[in-house]
Amino acid sequence: MLTDMIKAIIASQSDFELVGEVVGVSGLADIASDVAADVVILGRALSSESALRVLYRAPRTKIVAIDADGRRSVLHELRLNRTSLGEISPAALVTTIRNAAGISRQGGQS
């Protein structure tokens, strides 16, 4: 259900593109580096060690990990920056993705 909601939020934005899906974190590093993802969204918490495995392979990628209940999220970056994003909502998720990817509201790169 959380996955379907995230897909719907992304699909509703003309400047976002869903480029792949992965179940679990084991293949996440490979997929993130293969598709050169700007932002990876996970419907689960992610340990710092798992985040680093992904970010070492895809250093420009940002990871938004949303708790399984869909209420809170965390942003992981290679700078080993873990930022609590607080309460999550569709609008907050869209803003977080745009900010993490450096996308302006008009759809271009900042």
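Being part of a loop (DSSP other than H, G, I, E, B) and either touching a residue at least 24 places away in the same chain (Cβ under 8 Å) or not hydrophobic (A, V, I, L, M, F, W, C) (or both) is the filter here, so list the residues in region 5-31 that pass it.
Residues satisfying the conditions are 12, 13, 14, 15, 16, 17, 20, 21, 24, 25, 26, 27.
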Please specify each residue of region 14-62 satisfying the condition of being of a type in the set (Lys, Arg) and within 18 Å of residue 74 (Cβ to Cβ).
44, 53, 62
Of everything in region 68-106 that's within 25 Å of residue 33 (Cβ to Cβ) and part of a loop (DSSP other than H, G, I, E, B), which residue is modelled with the highest pLDDT?
78
Applying the selection to region 5-56, what residues are over 17 Å from residue 96 (Cα atoms) and of a type in the set (Lys, Arg)?
53
Would you call residue 45 in contact with a strand residue (DSSP E or B) (Cβ under 6 Å, 6 or more places away or on another chain) and either among the aromatic types (Phe, Trp, Tyr) or assigned to a helix (DSSP H, G or I) (or both)?
no
I'm checking my understanding of the structure. Among residues of region 28-76 that are in contact with a Leu (Cβ under 8 Å, 6 or more places away or on another chain) and hydroxyl-bearing (Ser, Thr, Tyr), which one is surrounded by the most Cβ atoms within 10 Å (Cβ to Cβ)?
61
Does residue 65 satisfy the criteria of being more than 19 Å from residue 95 (Cα to Cα), under 12 Å from the mean Cα position of the chain (by Cα) and not in a loop (DSSP other than H, G, I, E, B)?
no
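The values are calculated or read from the model by the stated rules, or taken from the named source; none is laboratory data. For clarity, every value in this text was computed on a predicted model and none was experimentally measured. Reconstructed Cβ throughout: ideal geometry from the backbone, glycine too, with neighbour counts over all protein chains shown.
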